[in-house]
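Structure record follows, encoded as C-alpha cells.
The values are calculated or read from the model by the stated rules, or taken from the named source; none is laboratory data. Remember, it's a predicted structure, so these values are computed and weren't measured experimentally. Heads up, the Cβs are rebuilt from the backbone with ideal geometry, glycines too, and the neighbour counts pull from every protein chain shown. Just so you know, the surface numbers come from the protein's heavy atoms only, side chains and all, with ligands and any DNA or RNA stripped out. Shrake-Rupley method; radii C 1.70, N 1.55, O 1.52, S 1.80 Å.
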Amino acid sequence: MNRYSFVIWLMLVLFHDIESAQAKENSSQELPISAFTQLSQFKNLQLSPDGKHIAITVPKADTTNLVIVERQAMMPVLVLGFGTNKHIGKFYWANNERLIYTKTYKRSGRDKHVYQGEIFAANVNGTNKVQIFGHSDTKSNNRNKKGLKAHGRIIHMLPEDPDHVMLEADKWGNDFDDPTKIYRVNIYNKKRTLISTLPHGNMRVLLDRKGNIRFASAKNRQGKKLKYQFIDQKWVALGNDHPLKKYSFVSISEDNQTLYVRKPTGKNLTDGLYKYDLATQKLTLIFNHPTLDIHAYIREPGSRLIIGAKTMQEQVNFHYFDENSPFTKLHQQLVATFPAYDLKVGGHGYDSKVMVIGISNDKNSGEFYLFDREKQSLEYLLSRRSWLPESQMMPRKFIEFTARDGQPIYGYLTLPKANDRPHPLVVDVHGGPYGVQDKWHFNTDAQLFASRGYAVLQINFRGSGGYGKTYEKSAYLKRNSLIQHDIIDGTKWAQSLANIDDNKVCIIGGSFGGYSALMASLIEPELYRCAIPRYGPYDLVFQMQNADYMDKDSVAVGAKEKYGDNEKIWREHSPLTYIDKLKTPLMIVTGGKDTRVPPESAWHLKAELDKRDIDYQWLYKASEGHGFINPENKQELYQKTLEFLDNHLKHSLQ
C-alpha cells in the first residue's frame, strides 16, 4: 500500500467525508463553507521509539479512534476506541510495544468533550488492554491499584523505565488550589506509588531526564509566586535572596548540571532564556530578542535538550545557540528544505533512524513527512486538511502601524485575491486579552473571509502576548480604553490603504474579541458598518462574579490585577453601561454551556436591546460552550456570519 492509498484508506475505512477530495479536485472553484468547518483528517501522529509503527488519532462526528499502522507496509494493525460519544484524547508511546491513551466523553446537551481523568494502556497487537488510572476501574481490591476518583495527567514518560510513567492527580471535589499528588504508575499492572504531595495546586513541576522531580513554580491562594526545589524527598522553598527566585523553570540538561530558566529581560521585558550552573550558581543569558518573545523552543528529540528558539513575526524564524551541535545541523538542513514553514521534528532520540517532520505556515494548517536519516530521504505521509489546498489560501502579511500615542502596534493582514476594486474589511479581534496573540500561522476565519473577498485585519493590541511584558502590562486595567484605541487606530490605518474600501468595515471577535466588537462600536459609533460579538462579556459585574476562573483563588488574584477589583471599575468597563450610544447593527452569538463567559452576559445585552427596540440578529446554541465546536453549528455560524457581512458590506453600498 503506497502513501496515497493509505490516506484514502484512512478517509474511507474510518468513515471520513470524501467531500474533501472533491474540493481539492475542483481547486478553481470557491471552496464551500464546509471545507473550513470539517474535522481534520487526524488530530495527532507519533512514531514508535523503534520507528516500526505510527499511531494516529482519527476524529469522526461521534467518536475518535487511535489507529496503529505498521510503517514499512503502511498497513493498519490495530484500531483502538471506546464507541459512540466516547473519544480517545491524548496518547503516548510508552515503549516499542505499548501505548497509553486517555478517554473523553461527549455528554448529552454539551458539545465540548469532558475528561474525567481515565488513562488506559494497550499493546500494539491489541493484547493486555488495561485501565491504569481513573474512577471507573473498580476491579481490584488492592488500594494501590483500585481506581481513584481523580483527574490524572501524564507528566513524564520515564524513557529509562519502560514499565512505568509519572502522573499528577487531583481528587474530584478538590478545588484548583488544593495540593495535588504525583504517582509512579505501572503501565502493565496499574500499581501506583505515591512519590510526592505538592505544596500547592497551582504548581508546575520540572522533572529531569530520568523522571526525578527537581524544581517547581507555584502560586498560592493569595496569588504570591513561589519557587521550590525538591531535595531528599522534601519540598524546599527558595528564599527571596536565591538567584532563581525571579526566574521561571524551563528544562534541565541531561547531565543535571545545567538548569534552563526564563525571565523578562531588557527594555521591553521580552523573554530572556538563561542557563544556570547548579554547581557555581552562575546565570548566563543565552537568548533575548529586543522586541519579540520566544514563540517556542527547538529541542532535540528524546533528550529534550534546548538547542535553539523560535520567534514569530513575518514568519517563524529560527535561532540556534550551538551551531556545532549535530542536531542543529540536521535542523538547519530541514529548515532549508522547507523554507517559509514552521517546522517540528518528532522522534524518540537524536539517533533515531526515522523521524516525523511536521510543517505548517500561514497557508498550510499542517502536513507530515517521514525522514529517513540513513537514506537522507523525505516521504510525504499525511495532511491535516488536504481539502484546503495551499495554492488557494492567502498569505498573512505582518503589519505595523503607529497608535495615537506614538507606540508601534503589530498584527496581520490577510488580503483576498486582487480585483479592480478596493476590498471590504473585517477587523477580527482575538480573545484574552492578556498574553494572547494572533499568530502568523494558518487561521481558519481569516482564510474563510478572504475566500469570500474580504480583507481581514487582526491586531495584536497592547495587552497581547508575544511582544514582552512591557507591551502586555501597559494595558492592565485598560481593556475599555487603551486596547480599544489600538483596535480603532488599526482600523483607521487599514482604511488608509489604497486596496481597502474605507467605507466598508465590520468588526468581529470571540470572548474578549466579542467584548471589543461591541465596545469599539460604542466608542466610535460611525466607524463600523456592523459588529459580530461572539461569546463575549458585556456585563462585567456579572462576569467577574460568575466566570469559572473567579472560583480559583490563585487565578482570581491575577484577574483582579488585570480587570479591576470592584464593581465601580467593572461597571465603568462594561459595554452595557454605554449601550445608548449604539448605532452599529449587531449579530450576537453565544453558547448555553459557556463557563468562561457565562451566556447571561449575552442575555443581558439582548434584554437591553429589546428594551430600546433596537434590532439585532441572535444565534444561540444551548449545547455549545466558549466557542462553537460542533461542525453543524460552526457551519451555521459561518453561513449566517457571511450573510450578515454581505448584507452590510457588499449589498448596502454598491
>> Filter segment 426-453 down to the residues that are in contact with an Asp or Glu (Cβ under 7 Å, 6 or more places away or on another chain) and either among the β-branched types (Val, Ile, Thr) or within 18 Å of residue 496 (Cα to Cα) (or both) and list them by number.
In response: 428
> Among (1) in a strand (DSSP E or B); (2) of a type outside the set (Val, Ile, Thr); (3) farther than 21 Å from residue 458 by Cβ, which single condition is residue 290 missing?
Replying inline: (1)
> Applying the selection to segment 538-550, what residues are open to solvent by 50 Å² or more (accessible area, probe 1.4 Å) and either touching a residue at least 24 places away in the same chain (Cβ under 8 Å) or in contact with a helix residue (DSSP H, G or I) (Cβ under 6 Å, 6 or more places away or on another chain) (or both)?
Replying inline: 546
> What is the number of the single condition among (1) open to solvent by 60 Å² or more (accessible area, probe 1.4 Å); (2) farther than 23 Å from residue 508 by Cβ; (3) without any contact (Cβ under 8 Å) to a residue 12 or more places away in the chain that residue 553 does not meet?
Replying inline: (3)
> Taking segment 87-114 as the search range and keeping residues that are of a type in the set (S, T, N, Q) and assigned to a strand (DSSP E or B), which one is modelled with the highest pLDDT?
Replying inline: 102
>> If I filter segment 254-268 down to residues being over 23 Å from the mean Cα position of the chain (by Cα) and open to solvent by less than 70 Å² (accessible area, probe 1.4 Å), which single residue comes out as farthest from residue 435 (Cα to Cα)?
In response: 256
>> I'd like the full set of residues that are open to solvent by less than 20 Å² (accessible area, probe 1.4 Å) and either under 14 Å from residue 206 (Cα atoms) or among the basic types (Lys, Arg) (or both), limited to segment 147-167.
In response: 158, 166, 167
>> Tell me whether segment 162-184 contains one or more residues that are among the aliphatic types (A, V, I, L, M), at pLDDT 90 or above, on the phi > 0 side of the Ramachandran plot and over 24 Å from the mean Cα position of the chain (by Cα).
In response: no
>> Which numbered condition in (1) in a strand (DSSP E or B); (2) in contact with a Gly (Cβ under 8 Å, 6 or more places away or on another chain) is the only one that residue 352 fails?
In response: (1)
>> I need the full set of residues from segment 176-209 which are of a type outside the set (A, V, I, L, M, F, W, C), under 21 Å from residue 250 (Cα atoms) and open to solvent by less than 30 Å² (accessible area, probe 1.4 Å), in order please.
In response: 180, 196, 201, 208
> For segment 558-648, list the helices (runs of 4 or more DSSP H) that sit wholly inside it and hold at least 1 residues that are under 15 Å from residue 537 (Cβ atoms), open to solvent by 40 Å² or more (accessible area, probe 1.4 Å) and among the charged types (D, E, K, R); which are they?
Replying inline: 567-572, 600-611
> Which condition breaks for residue 578 when tested against (1) over 24 Å from residue 436 (Cβ atoms); (2) among the hydroxyl-bearing types (Ser, Thr, Tyr); (3) modelled with pLDDT under 95?
Replying inline: (3)
> Of (1) open to solvent by 40 Å² or more (accessible area, probe 1.4 Å); (2) in contact (Cβ under 8 Å) with a residue 24 or more places away in the chain, residue 81 satisfies all except one. Which?
Replying inline: (2)
> If you take the residues in segment 347-403 that are basic (Lys, Arg) and in contact with a helix residue (DSSP H, G or I) (Cβ under 9 Å, 6 or more places away or on another chain), which one is nearest to residue 298 (Cα to Cα)?
Replying inline: 373
>> Looking at the structure I just gave you, is residue 297 part of a strand (DSSP E or B), in contact with a strand residue (DSSP E or B) (Cβ under 7 Å, 6 or more places away or on another chain), within 30 Å of residue 254 (Cα to Cα) and not polar (S, T, N, Q)?
In response: yes
> Is there any pair linking a residue in segment 414-425 that is without any contact (Cβ under 8 Å) to a residue 60 or more places away in the chain to one that is among the hydroxyl-bearing types (Ser, Thr, Tyr) and buried (at least 16 other Cβ atoms within 10 Å of the Cβ), with Cβ under 9 Å and at least six apart or on different chains, and which?
Replying inline: 414/454; 416/451; 416/454; 417/451
> From the list 337, 311, which residue is over 30 Å from residue 29 (Cβ atoms), open to solvent by 30 Å² or more (accessible area, probe 1.4 Å) and of a type in the set (Ser, Thr, Tyr)?
Replying inline: 337
>> With the requirement that a residue be open to solvent by less than 10 Å² (accessible area, probe 1.4 Å) and either closer than 30 Å to residue 418 by Cβ or touching a residue at least 40 places away in the same chain (Cβ under 8 Å) (or both), what does segment 484-499 give you?
In response: 486, 487, 488, 490, 491, 494
> Between residues in segment 470-483 that are under 17 Å from residue 290 (Cα atoms) and basic (Lys, Arg) and residues that are open to solvent by 20 Å² or more (accessible area, probe 1.4 Å) and outside any loop (DSSP other than H, G, I, E, B), which pairs lie under 9 Å by C-beta distance while being six or more apart or on different chains?
Replying inline: 473/562
>> Just checking, does segment 453-466 include any residue being at pLDDT 95 or above, surrounded by fewer than 20 Cβ atoms within 10 Å (Cβ to Cβ) and closer than 27 Å to residue 640 by Cα?
In response: yes
>> Please verify whether residue 105 is in contact with a strand residue (DSSP E or B) (Cβ under 7 Å, 6 or more places away or on another chain) and touching a residue at least 24 places away in the same chain (Cβ under 8 Å), treating the condition exactly as stated.
In response: no
>> open to solvent by less than 30 Å² (accessible area, probe 1.4 Å), at pLDDT 95 or above, within 27 Å of residue 46 (Cα to Cα) and within 18 Å of the chain's Cα centre (by Cα): which single residue out of 445, 428, 438, 362 fits that description?
In response: 362
